[in-house]
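Quick notes on the structure that follows.
The values are calculated or read from the model by the stated rules, or taken from the named source; none is laboratory data. What you see is a predicted model; the values in this text were computed from it and never measured. In this analysis, Cβ positions are derived from the backbone assuming ideal geometry, glycine residues included, and neighbour counts consider all displayed protein chains.
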Amino acid sequence: MLKQIIQKGDSILHNTVKKVAVKEIISTKIKNIIHDMSAALRNNTTGIGIAAPQIGIPLAIFLVSEEAMQNNISEEEAKNKNWSHMVFINPKLIKGSKKKVLLTEGCLSIDGVFGKVKRSRQVMVEAYDERGKKFSVGASGLFSQVLQHELDHLDGILFIDKAERLEKVNVSENKNK
Ligand code: ZN
């Protein structure tokens, strides 16, 4: 069954998460959680990232759509692609550039609201993938922003907690995370 995205107001979005035991990463339980997260993300056409607490699971897992790593892609093109989802388990911020940028941000758990949030221009994140293999990745642009947004989710922080300005919109022109 398709999991609903938990909306703002639910305390699970503000709780911290537990790490996944490394030997459990390849278990059916974790595989099913990743599958549910992926399906929920795919069901939201504006979504490019999702964290486990957003489907009610207090574990250190998030997914980022490959779409966040593309540059200069049209809305039409983006919509029609069957993007794959990169899995981050027990992710850790290794490095964040001191250089910050003020970026527009939205969240699947906060419908119709966008805000300006200061984010590091570049980050380096270390995590385990769905096969239990450790990796690290450097990111800039939208990918960097999504990683910071999802890391915040695992710390129980929503973008509205740190946004400088909030804006209500009817139609979402921006990507959600
Ligand atoms: Zn979010």
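Numbers for the structure displayed
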| read-out | value |
| --- | --- |
| Which listed residue, of GLU126, GLU105, is touching a residue at least 24 places away in the same chain (Cβ under 8 Å), in a strand (DSSP E or B), more than 14 Å from the ligand (Cβ to nearest atom) and acidic (Asp, Glu) | GLU126 |
| Among the candidates THR45, THR16, residue that is without any contact (Cβ under 8 Å) to a residue 40 or more places away in the chain, assigned to a loop (DSSP other than H, G, I, E, B) and within 16 Å of the ligand (Cβ to nearest atom) | THR45 |
| Single match in ALA68, ALA139 (criterion: surrounded by 14 or more Cβ atoms within 10 Å (Cβ to Cβ), within 14 Å of the ligand (Cβ to nearest atom) and over 24 Å from ILE12 (Cα atoms)) | ALA68 |
| Single match in LYS79, LYS31, LYS8 (criterion: part of a loop (DSSP other than H, G, I, E, B), touching a residue at least 12 places away in the same chain (Cβ under 8 Å) and surrounded by fewer than 15 Cβ atoms within 10 Å (Cβ to Cβ)) | LYS8 |
| Unmet requirement for MET37, which otherwise passes all of (1) part of a helix (DSSP H, G or I); (2) aliphatic (A, V, I, L, M); (3) over 11 Å from the mean Cα position of the chain (by Cα) | (3) |
| Any chance LYS168 is more than 17 Å from LEU41 (Cα to Cα) and modelled with pLDDT of 95 or more | no |
| Criterion violated by THR46 - all others in (1) surrounded by fewer than 20 Cβ atoms within 10 Å (Cβ to Cβ); (2) within 22 Å of VAL137 (Cβ to Cβ) satisfied | (2) |
| Count of segment 1-54 residues which are acidic (Asp, Glu) and touching a helix residue (DSSP H, G or I) at 6+ places or on another chain (Cβ under 7 Å) | 2 |
| Segment 146-165 - residue that is assigned to a loop (DSSP other than H, G, I, E, B) and in contact with a strand residue (DSSP E or B) (Cβ under 8 Å, 6 or more places away or on another chain) and, of those, modelled with the lowest pLDDT | GLU164 |
